[in-house]
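**Q** This structure is in structure tokens; I'll ask about it shortly.
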Amino acid sequence: MNVFTPEFLRGVIEAAPEGIAICEISANDHPVVFVNAAFERLTGYSAAELLGTDLRRLQGTDREQEGRTRLRQALQAGGSARALLRNYRKDGSQFWNEVFIEPVRDAAGVPTHFVGFHRDVGERERAAGARAQGGLPAWMREDRLTGLHTRNYFEELLRHDWQTALREERTLSVLMFDFDALGAYNDTFGRQAGDACIRRLAGVIGACFRRGSDVVARWEGGTLCALVRSAEPAGLEGFAHMIAQRVQDQRIHNPRAGVEKYVTISGCIATLKPSARTQPEHLLRAAERALQRAREGQAGQIVIAVGKDFA
């Protein structure tokens, strides 16, 4: 007996704790065709008020936002994206909306709709702002190319979370991803095209990290990194492979890449439980060493940091 009927799946979506909105991709607009109850609670608008309209109303007149540009570029490219937006409820109150969008494709692979996952992360942003007092100024916390966090801000947040994990005896994991043959891509298409590729795929990778506690940053060049709390290494390995596959699914042509001639990424995972004898640098150094081995091997592989990497 197949329990996954349309009614069952709709019930699952309605029960989801985060707001979900499904929009149609059309030539002129992206009208809403479905919202769940959590989205209604989040925005203050009823489904009847939203269906057939677009979601620009959530920004009101506050349209000059980097996140909007990132989402628009992803929609044009038929890809995924993650963005943080200043949104406004029906009563005019502002909230920080972390948005993830994923395209839905028909049998021919053509995007017909996109699903948006929405959550209020105001508490997280206020906490981050409090941590940043006396730390990096706001303009140094966001990478201009990708819209992700900067390396310096990533390291600042890691130091903060290190102390928390030490007290609570939790593990921390760092994942790093490197674009394979990026130099060859730049040589073929130019640096501007290379930057556009990094920007697009940073959106794809960033959108995979959906927990509010995850931190995603641009480490350097074409290397991205993520900080994940209290996750099992075995599960992270499968997760990292899924991210690598999503990048390959973008089918960005790179004639000087491997057999399939598409842009791919290699990556690594380093996991450590903080102790009195370890520092955040041990975790970062292990990740960098594992990533170097991934770079030296076959494109697209995921390497797990081992004991010698932490020495």
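**Q** Taking the Cβ of residue 227 as the center, what net charge do the other residues with Cβ under 9 Å away carry, scoring Lys and Arg +1 and Asp and Glu -1? Walk me through the numbers before you get to the answer.
**A** Values: positive: 229; negative: 161, 214.
Spelling it out: positives minus negatives among the neighbours equals -1.
**Q** While we're looking at this one, here's another question. With a/c under 1.5 counting as rounded, go ahead and sort region 6-120 into rounded, prolate or oblate using the C-alpha gyration tensor (a ≥ b ≥ c being the square roots of the eigenvalues; past the cut-off, prolate if a/b is larger than b/c, else oblate). Each step should come with its number before you reach the end.
**A** Working: a/c = 1.65, a/b = 1.10, b/c = 1.50.
Oblate.
**Q** Quick check on region 181-283: take the gyration tensor over C-alpha atoms, sort the square-rooted eigenvalues as a ≥ b ≥ c, and tell me if it's rounded (a/c under 1.5), prolate or oblate.
**A** Values: a/c = 2.27, a/b = 1.92, b/c = 1.18.
Prolate is the answer for region 181-283, as a/c is 1.5 or above and a/b outweighs b/c.
**Q** Give the Debye-formula value of log10 I(q)/I(0) at each listed q (0.13 Å⁻¹), with one equal scatterer per alpha carbon of the chain, two decimals each.
**A** Debye output, listed in q order: -1.03.
**Q** Here is a follow-up. Give me the extension gain from residue 237 to residue 251: residue separation times 0.36 nm, minus the current Cα-Cα distance, reported in nm with one decimal.
**A** Fully extending the segment from residue 237 to residue 251 adds 2.8 nm.
**Q** To the nearest 20 Debye, how big is the dipole of the chain about its Cα centre, given +1 on the beta carbon of each Lys and Arg and -1 on that of each Asp and Glu?
**A** On the way: 41 positive and 39 negative charges, 109 e Å.
The calculation lands at about 520 debye.
**Q** Within the set of other residues whose C-beta is less than 13 Å from the C-beta of residue 188, count the net charge using Lys and Arg as +1 and Asp and Glu as -1.
**A** +2
**Q** Using θ = phi - 60° and the Karplus relation 6.51 cos²θ - 1.76 cosθ + 1.60, list the HN-Hα couplings for region 141-150 in order, rounded to whole Hz, with x at every Gly or Pro.
**A** With coefficients 6.51, -1.76 and 1.60, one gets 9, 10, 6, 5, 6, 9, x, 7, 5, 7 Hz.
**Q** Here's something else I'd like to know. State, to one decimal in nm, how far the label point of residue 76 lies from the label point of residue 152, with both points 7 Å from Cα in the Cβ direction.
**A** Going from the residue 76 label point to the residue 152 one covers 3.1 nm.
**Q** For residue 309, what charge total do you get from the other residues with a beta carbon under 13 Å from its beta carbon, if Lys and Arg give +1 and Asp and Glu give -1? Walk me through the numbers before you get to the answer.
**A** Working: positive: 285, 289, 293, 308; negative: 281, 288.
Once positives and negatives cancel, what remains is +2.
**Q** How far apart, in nanometres, would the label points at residue 306 and residue 167 be if each is projected 7 angstrom from Cα along the Cα-to-Cβ direction?
**A** With each label point 7 Å from Cα toward Cβ, the separation is 3.7 nm.
**Q** Once you have the Cα-Cα distance between residue 47 and residue 29, take 0.36 nm times their residue separation minus that, and quote the gain in nm to one decimal.
**A** 4.7 nm
**Q** Expressed as an acute angle from 0 to 90° and rounded to the nearest 10, what is the orientation of the C-alpha long axis of helix 6-15 relative to the principal long axis of the chain?
**A** The angle comes out near 70 degrees.
**Q** Moving on. Using the crude model of +1 on Lys and Arg Cβ and -1 on Asp and Glu Cβ, and no other charge, please compute the dipole size for region 6-120 relative to its Cα centre, in debye to 20.
**A** The calculated dipole for region 6-120 is roughly 280 debye.
**Q** Any idea what angle helix 66-77 forms with the longest principal axis of the chain, computed on alpha-carbon atoms, 0 to 90 degrees, nearest 10?
**A** Taking the Cα atoms of the chain, the angle to 66-77 is about 80 degrees.
**Q** For the chain, find the longest principal axis of its Cα atoms and tell me its angle to the long axis of helix 233-249, 0 to 90°, nearest 10.
**A** 60
Read-outs throughout are calculated quantities, based only on the coordinates presented, and are distinct from any laboratory measurement. Quick caveat, the model's predicted, so the values are computed rather than measured. For neighbour counting, all protein chains shown are included, and Cβ atoms are generated from backbone atoms with ideal geometry for every residue, glycine included.
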